[in-house]
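Here's the structure we're looking at; comments come further down.
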Amino acid sequence: MPSSLLAQYYSPLRILTRFSPHSGMRFKNMTARKPNKVAHDSPSPITADETINMFQQVFHSQPTTINGWDKCWQQGLTPWDLGCPAPVLVHLNNTGSLPKGRALVPGCGSGYDVVAIASAERHVVGVDLSDNAIKRATELSSRSPNAEHFTFLKTDFFTWCPTQLFDLIFDYTFFCAIEPGLRSQWARKISDLLKPDGELITLMFPVDDHEGGPPYKVSVADYEEVLHPLGLKATYIAENELAVAPRMWGFQKQKLNRIEVSQHKDIWFMVVIRLHISANV
């Protein structure tokens, strides 16, 4: 992707030499453009979804966050669970576009994304706060042929201190699941866990203007606010054209209300790298 196109999203933006020549090739199937502002007079499918409303009622009825997530997993109230790995992640893996080495998936849930990208060249660690989620991930992956290349851990992402850093962190429905007040801590932990030349790949969801959560609304600005002070900046932002059918409600809204797909598209794809490497970052 030419730097002039990236500049309209982030200005000024420095691009690492290793990234700029190949970013257009790595993500050639993504439509690179910035999300439009949400139309405030359009109802959010998040608040209209009965399953999400049921999940939120159970989640908030529990005494602690851990209890809330565990209870929802126990009752099968997991509307975020696709039942398969994120198609865009599978695409990047199949095209050799993901960093090798060590990868982390925080809030891994059933572990589909973890298993999908694990290989002899990439060991993947999936962590989740819920014991029931980790049990499900372990059960589902027990017969996976690449089982030796991934690990599931029941732990708190924010207090976890692994002995090795990561070349890749993949975040999908984790940033939006935590309280907005914790987002600065999320960014600090991401920075602490990434190797100096590591990459964060995140799918932004839900990009709308609903109230409450989880999931809490997100925007590019929300990521910028917490990542930029740590020297972590995006090299690529694109609409995820590989979103699964249940989350393609942007197209439905376009037909009903003549709203651009990008206003209610569920996911935006962003690659983040560390631009300033120093002892203070």
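Of the residues making up segment 121-130, those that are under 21 Å from the mean Cα position of the chain (by Cα) and over 18 Å from Ile178 (Cβ atoms) are Arg122, His123, Val124, Val125. Per the listing Thr155, Thr163, Thr202, the residue uniquely at pLDDT below 95 and at negative phi is Thr202. Say we look at segment 91-108 and pick out the residues that are free of Cβ contacts under 8 Å to residues at least 60 places away in the same chain and under 15 Å from Leu203 (Cβ atoms); which of these is least open to solvent (accessible area, probe 1.4 Å)? Among those that are free of Cβ contacts under 8 Å to residues at least 60 places away in the same chain and under 15 Å from Leu203 (Cβ atoms), it is Cys108. If only residues of segment 78-90 that are open to solvent by 20 Å² or more (accessible area, probe 1.4 Å) and outside any helix (DSSP H, G or I) are counted, the one that is nearest to Met204 (Cα to Cα) is Trp80. Counting only strands (runs of 3 or more DSSP E) that fall entirely inside segment 141-253 and contain at least 2 residues that are open to solvent by less than 20 Å² (accessible area, probe 1.4 Å), the qualifying elements are 166-172, 194-204, 232-239.
The values are calculated or read from the model by the stated rules, or taken from the named source; none is laboratory data. Note that the structure is predicted; figures quoted are calculated from it, not measured. When we count neighbours, we look across all protein chains shown, and the Cβ atoms used for this are built from the backbone with ideal geometry, even at glycine. Just so you know, the surface numbers come from the protein's heavy atoms only, side chains and all, with ligands and any DNA or RNA stripped out. Shrake-Rupley method; radii C 1.70, N 1.55, O 1.52, S 1.80 Å.
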